[in-house]
Each structure stands twice: as C-alpha cells, then as structure tokens.
1. Once every DSSP H run of n ≥ 4 in the chain is given -39500 (n - 2.57) and the sum is divided by its residues, what mean residue ellipticity at 222 nm do you get, rounded to the nearest 500 deg cm²/dmol?
2. Can you put 94, 121 in order of accessible area, largest first, using a 1.4 Å probe?
3. Counting only residues 5 or more places away or on other chains, whose amide H sits under 5 Å from the amide H of residue 34 once H atoms are built in the peptide plane?
4. I'd like the Karplus ³J(HN,Hα) series for segment 52-60: coefficients 6.51, -1.76, 1.60, θ = phi - 60°, whole numbers in Hz, and an x wherever there's a Gly or Pro.
5. Mind listing the phi-derived Karplus ³J(HN,Hα) values for segment 63-79, rounded to whole Hz, using 6.51, -1.76 and 1.60 with θ = phi - 60°, and x for any glycine or proline?
6. How large, in percent, is the carbon and sulfur part of the accessible surface of the chain at a probe radius of 1.4 Å?
7. So the label point goes 7 Å from the Cα of residue 112 along Cα→C-beta, right? Which residues of segment 64-89 then have their backbone N under 12 Å from it?
8. How big is the convex hull of the Cα atoms of the chain, per residue, in Å³?
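The values are calculated or read from the model by the stated rules, or taken from the named source; none is laboratory data. Here the structure is a predicted model, which is why all the values come from computation and not from measurement. Please note: Cβ atoms are built from the backbone with ideal geometry, for glycine as well, and neighbour counts cover all protein chains shown. Ligands, DNA and RNA are stripped out before the accessible areas are found, and what is left, the full protein with its side chains, is counted by its heavy atoms. Shrake-Rupley method; radii C 1.70, N 1.55, O 1.52, S 1.80 Å.
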Amino acid sequence: MTSPRKTVLVVEDNEQNLELVQFLLEEAGYLVISARDASAARIAFRRSLPDLVLMDMHLPGRDGLSLVREFRLDPLGGDVPIVAVTAHAMRGDRERFLAGGCTGYIAKPIDAGTFAAQVARYLDAGPAR
Ligand code: MN
C-alpha cells in the first residue's frame, strides 16, 4: 500500500462496542485512535486531526452532539467528517444529528458485515464542507 493509512477517531464509552469497532476498522487497514469520554476525545481530535470521527451520541455526562458542535468550530479540524454511531432510532433523530453538524449516521448494533464499507463511503466523500 503506497497511500498513508487513514486515521479514524472512535469516541465510544462502551468497551464492547469500542473493541468491535476497533477490530473491524483495523482489519480494514485503518489506524484507530480511541477515546472513551469527551475530554479524551477533545485532546485526541486536536492532536491527531483524524480523517474521520465516529461519535457515540451517548457519552458519560455529555451529549455527543454538543461535542460535534464543538469540533465543528475547531479552526483546523472543522471540516473533518463526523459520523454519529447510535442506537437512537426515534423519529427526527437523524435529522437532528445532521442539523447539529454530523456528516452521517451509522446505526447500532453495528453490522460487522457492512460496517467497514459504510466507513469507507464517508471517507471517500471527503471533507464535511
Ligand atoms: Mn455510550
């Protein structure tokens, strides 16, 4: 492989979900950086400026969407694609996430057979704006 590996920041507080997502992404050749809460995510985001963020919408003491809004204001990383990963399936949630700055949405439970392809699609689409 000649092109550099794409970096994906996974923000997820559930250990089982994090392990599964990390496994699937690494198997697909991505470099994975993980963060289990908002403050770790903030540090990792600024330090690594990833190619993509996968954001759990339920973080300890923090609504994931407020963190997305914060990342969108970052002068360097404001256009990084951020994909919401959540079990939320209520009417209007998808629209709320997109309006709040998310690039897209992947539903939990994670489908191990299609997850890497979904991530690749968002990476191929390029910057969020
Ligand atoms: Mn969570």
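1. Helix-only estimate at 222 nm: -11500 deg cm²/dmol.
2. From most exposed to least exposed: 121, 94.
3. The answer is 10.
4. Rounded to whole hertz, the list is 7, 10, 9, 10, 5, 7, 10, 10, x.
5. 7, x, 5, 5, 6, 4, 4, 5, 4, 5, 8, 5, x, 9, x, x, 10
6. C and S fraction of accessible area: 54 percent.
7. Once the point is set 7 Å along Cα→Cβ of residue 112, nothing inside segment 64-89 turns out to lie under 12 Å by backbone N.
8. Each residue corresponds to 101 Å³ of Cα convex hull volume.
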